[in-house]
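Asks: This structure is in structure tokens; I'll ask about it shortly.
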Amino acid sequence: MSLIYLYALTVSDTRLPRGKFPHLRYEQFNGFQAVYEEVSKNEYDAQNLSLNMQDAVWVAKIAQKHDFINNELFSEGAIVPFRVATIFNTLASLQKQITDGEKIYKRTVGFLTEKAEWGVKFYFDKNNLHLLTQGLEDAEVVALRDEINQSDKGKSFLLQKKLDKVLIGKVDQTLRKIIDEIQIKLMIGTVGIISLKNQSNKITGRADVMVRNLTFLLENEAIENFEEGFGQQRLYAAARGIVIEKSGPWPAYNFIF
């Protein structure tokens, strides 16, 4: 017996080309169209899904397919996107979910119409520390440097470790302050913003470290101004050793009621 893998709810009867997406199925429930496919219990029942979700390669493959389908649906109009591997035992259980949440889903679609999600990620490479340490030579740092220069080898070693710790704290504070300023400026004209968990280097595949992970909800008419502001802030950040990258437009996964 198969299970139901739900991709999204749409308010139109949009159907993706069958030749390109032969596995997709469509059902009308309470004014929504559920876009789903039938999947095997051997892969998607609770026990097997729990194991598969620990396999990074499997998750990446499923997530890529999931996002591709929802992006195609999103290009045709507003959708309520569901998370990767949202599974129902039967169409009846799916229908109950839609019926029980009908008011919320309708509010969600109304809210998300003509809007899209945009991701903004901030990265910092420790090799760029010198760009942030400029101007940090306050009285505390100067005093420590003077004491290091006047101390013997053993004591100077310990003092240097203390100085490094102080500088790291000041760099972290400066980094947060710069990113906070950029974030505030990027928020102008947006509908909403959510701070997400930073991704590890294993996930990003990068040498630099993700230091902030934001997602914004924008009305379509605000995209041009957002991109212009992003371009300005990217240059401002780059001069301080911070890399900013944006992605979008995406279905608004993070702004579902």
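Here, each number is a calculation from the coordinates, and none is a lab measurement. Because the structure is predicted, anything quoted here is derived from the model rather than measured. Cβ atoms come from the backbone with ideal geometry, glycine included; neighbour counts cover every protein chain shown.
Asks: Out of the residues in segment 95-123 meeting the condition of being aliphatic (A, V, I, L, M) and outside any strand (DSSP E or B), tell me which one is farthest from Phe29 (Cα to Cα). Give the derivation first.
Replies: In the first step, residues of segment 95-123 are kept if they are aliphatic (A, V, I, L, M); the result is 98, 104, 109, 112, 116, 120.
With the extra rule that they be outside any strand (DSSP E or B), the set shrinks to 98, 104, 109, 112.
On the way: Ile98: 7, Ile104: 14, Val109: 15, Leu112: 20 Å.
This residue is Leu112.
Asks: Looking at (1) under 24 Å from Glu72 (Cα atoms); (2) of a type in the set (A, V, I, L, M); (3) free of Cβ contacts under 8 Å to residues at least 12 places away in the same chain, can you tell me which one Val191 breaks?
Replies: Result: Val191 fails condition (3) only.
Asks: Tell me, which residue of segment 66-93 that is in a strand (DSSP E or B) and not aromatic (Phe, Trp, Tyr) is farthest from Leu49 (Cα to Cα)?
Replies: Applying the first criterion (in a strand (DSSP E or B)) to segment 66-93 yields 79-88.
Filter once more, so that each one left must be not aromatic (Phe, Trp, Tyr): 79-81, 83-87.
Details: Ile79: 25, Val80: 23, Pro81: 20, Arg83: 14, Val84: 11, Ala85: 8, Thr86: 10, Ile87: 10 Å.
Looking at the filtered set, the residue picked out is Ile79.
Asks: Moving on. Yes or no: Ser50 loosely packed, with under 15 Cβ neighbours inside 10 Å, closer than 19 Å to Pro249 by Cβ and not hydrophobic (A, V, I, L, M, F, W, C)? Walk me through how you get there before you give the answer.
Replies: Numbers: loosely packed, with under 15 Cβ neighbours inside 10 Å: yes; closer than 19 Å to Pro249 by Cβ: no; not hydrophobic (A, V, I, L, M, F, W, C): yes.
The answer is no for Ser50.
Asks: Follow-up question, since we're still on this one. Determine whether segment 43-56 contains at least one residue that is small (Gly, Ala, Ser) and within 24 Å of the chain's Cα centre (by Cα).
Replies: Taking segment 43-56 first, the residues small (Gly, Ala, Ser) are 46, 50, 56.
If we keep only those that are within 24 Å of the chain's Cα centre (by Cα) as well, we get 50, 56.
Scanning segment 43-56, I find at least one residue that is small (Gly, Ala, Ser) and within 24 Å of the chain's Cα centre (by Cα), so the answer is yes.
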